[in-house]
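Here the structure is laid out as structure tokens; the discussion comes afterwards.
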Amino acid sequence: MRNADTIVARASAAGIGAIAIIRVSGPDAFLFTDTLLDSGSVKSPTRRTSDLNSHTSHLCTLYDADGAMDEALITLFKDGKSYTGENTVEISLHGSEYIVGRVLKAFICIGARLADPGEFTQRAFMHGKLDLAQAEAVADIIASEHKMAHNLAFKQLKGGFSSDISQLRDRLLHFTSLIELELDFAEEDVEFASRKDLRILVEKIKAEMDALCCSFALGNAIKKGFALVLAGRPNAGKSTLFNTMLNEDRAIVSDIAGTTRDAIETQLFMDGMVLRLIDTAGIREANDVIEKEGIARTFAHVEKSGATLYTIDMVHCSFEDARSDLHSLLSRTSRVWMVCNKKDLANESICSQWLELALGLGLPEPWFLSAIDSQEVEALKNHLQHRFLQGMEGLADQTIVTNLRHAKSLEDCGIEMQAVLHGLDSELTGDLLAFHLRRGISFLSGITGEIGVDEILGSIFSKFCIGK
Ligand SMILES: Nc1nc2c(ncn2[C@@H]2O[C@H](COP(=O)(O)OP(=O)(O)OP(=O)(O)O)[C@@H](O)[C@H]2O)c(=O)[nH]1
Ligand SMILES: [Mg+2]
């Protein structure tokens, strides 16, 4: 059996570093480690790694047939008290690629197998150390690049999401078993499960399911970044603003209207969060087919994005053009923030006219700046961060779905709950109600891995890095 062998892999990132960690897990983890130790270090005829206490570290020298490989620190995890739930040894080596390669080879020569990606976490799941949603959170924690993504993944690892799902599932199971009990007494025509109570429960679960599904868009935005589109007329200074925000000469800037033809997207890391910043082709009546396509893409991004920064050249843009653009943007998205650019060229009277236009359209107060001025752009970035974070307040205690597989299972479960509600309306028989309830339960169970989920296991764990 694949689980019965002992696996080995590097657990730290590849490359040169102060230390590198190799992890060995499985029934022969101690035996294999002993084989590579020599007298003078931990191993002696009377003291073997299996005689040492769990959760202790020991300085030792590792040998292969060619002699000493490295002086290492080994940490022992015994009796299931390890990440995988198996006997595990973690070996801290000097962080050389050569040493790591040689030690891995030595373990493989004596019978260990190089671990598949995610296999340590898969074993942790198999031994009941983590449920499936928690195991997926481990991958998210490793991948988290900023505070918000880390907070979400950490919460999921601690099991908050799993316990919410298990509660929903248990409530459904209770009713399903009552309905199934009725089937055993079909002759007597009894009703153990009150249809009225069942309807209340299923409606409640359906609403919770819908809310969780809706939270996926937010969870995904937190994980991958909130999309912020820079839109506006040609020459408004969108690409200039894009470059200054990134502090990088990323997009081409010129005074030729229509310079940017295609959308350019990049990540902008800010304190605790990440934005997906998208520079777009300027909006105008275009005759050129390619420019037309570029503008269509601008609008497509506006529709999908979290917010749009409508950028204007305060001096050269006409109020009519801006008004018409804003109307078409607002018909596609509710979050439009206006940035009045080229403040260095504008006088106070123009600024106040633009302010009046924005307020007249019910927009928040515009942000006035020169996109060429890095300090002013920095102030805009702080302001944006504040706005995004403000929208997140109160979400700390809420369950947010961040994983596409979970969102899909919740959606599928919601469809089954809808079928149960229809069934209750049309007085569907108990066995058909139970059929939909069971299917709903199986979708929920698939999230935490409480039922046979062999086919999904492979696809989840293969996305991990080797050594985790
Ligand atoms: N004086 C001044 N010029 C600016 C400012 N921002 C941008 N410009 C200039 O305005 C011109 C157009 O800037 P871009 O950033 O290419 O404008 P854009 O909105 O990306 O234009 P398209 O790609 O054509 O849609 C360039 O010559 C910039 O140097 C500013 O704050 N002040
Ligand atoms: Mg541009």
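Structure notes:
- Take the Cβ atoms of Lys292 and Glu365, set R0 to 35 Å, and the FRET efficiency comes out at 0.60.
- Per residue accessible area in Å² of the range 2-115, where ligands, DNA and RNA are left out and the probe is 1.4 Å: 46
- Pairs of Cα atoms farther than 13 Å apart, the range 261-332, %: 69
- Extending 7 Å from Cα along the Cβ direction at Lys224 and again at Ser318 yields two label points whose distance is 4.0 nm.
- Cross-link partners of Lys78 among aspartates and glutamates, defined as those whose alpha carbon lies under 15 angstrom from its own and excluding same-chain residues fewer than eight positions apart: Asp28, Asp34, Asp51, Glu86, Glu90.
- Principal axis box of the range 2-115, alpha-carbon based, largest edge first, Å: 33, 32, 24
- The range 321-417: proportion of alpha-carbon pairs further apart than 16 angstrom, %: 70
- Calculated FRET efficiency for the pair Glu191/Glu378, C-beta based, R₀ 56 Å, to 0.05: 0.25
- Dipole magnitude of the range 2-115, debye to nearest 20 (Cβ charges: Lys/Arg +1, Asp/Glu -1, about Cα centre): 220
- Of the whole protein surface, Ser82 contributes about 10 Å² of accessible area at a 1.4 Å probe radius.
- Positive-end residue of Ser82, Ser12, His55, charge dipole of the range 2-115 with Cβ unit charges: Ser82
- Amide H contacts for Asp64 (H built 1.01 Å from N in the peptide plane; partners 5 or more residues away or on another chain; cut-off under 5 Å): Met69.
- Electrostatic dipole magnitude of the chain [Cβ: Lys, Arg +1; Asp, Glu -1; Cα centre; debye, to 20]: 960
- Counting only Cα atoms, the size of the range 225-392 along its three principal axes is 43, 36, 30 Å, in decreasing order.
- 20 °C / 1.002 mPa s Stokes-Einstein diffusion coefficient of the range 175-286, Kirkwood radius on C-alpha pairs, µm²/s: 115
- Taking only protein heavy atoms and a 1.4 Å probe, the accessible area of the range 225-392 is 48% carbon and sulfur.
- Magnitude of the charge dipole, the range 225-392, Cβ model with Lys/Arg +1 and Asp/Glu -1, debye to 20: 500
- Kyte-Doolittle at least -0.5, axis length at least 20 Å by Cα - qualifying DSSP helices, the chain: 160-184, 195-224, 289-304, 404-425, 430-448
- Accessible surface computed residue by residue for the range 225-392, with neighbouring protein chains in place and a 1.4 Å probe, gives 47 Å² per residue.
- Share, in percent, of DSSP beta bridges within the chain that are antiparallel, nearest 5: 60
- When shorter helices are ignored and each DSSP H run of at least 4 residues is given -39500 (n - 2.57), the per-residue value for the chain at 222 nm works out to -15500 deg cm²/dmol.
- Taking every DSSP bridge with both residues inside the range 225-392, close to 30 percent are antiparallel.
- Amide H contacts of Asn235 (H built 1.01 Å from N, under 5 Å, at least 5 apart or other chain): Gly258, Thr259
- Above-threshold pairs, the threshold being 26 Å between Cα atoms, out of Lys224/Lys381; Lys223/Lys343; Lys238/Lys381: Lys223/Lys343
- Label separation (His174 vs Ser50): 4.8 nm, computed from points 7 Å beyond Cα along the C-beta direction.
- In the chain, the convex hull through the Cα atoms has an average projected area of 31.7 nm², a quarter of its surface area.
- Compared with the direct C-alpha span, the chain from Asp431 to Arg405 gains 6.5 nm at full extension, assuming 0.36 nm per residue.
- Inter-label distance, nm, simple model (7 Å from Cα along the C-beta direction), Arg439/Gln398: 3.0
- Euclidean distance of C-alpha centroids, the range 404-428 and the range 302-374, integer Å: 44
- Förster radius 51 Å - calculated FRET efficiency between Glu203 and Lys158 (Cβ-Cβ, nearest 0.05): 0.95
The values are calculated or read from the model by the stated rules, or taken from the named source; none is laboratory data. In this text the structure is predicted, and so the values were computed from the model without any measurement. Positions of Cβ are backbone-derived with ideal geometry, glycine not excepted, and every protein chain shown enters the neighbour counts. Accessible surface areas use protein heavy atoms only, side chains included; no ligands, DNA or RNA. Shrake-Rupley method; radii C 1.70, N 1.55, O 1.52, S 1.80 Å.
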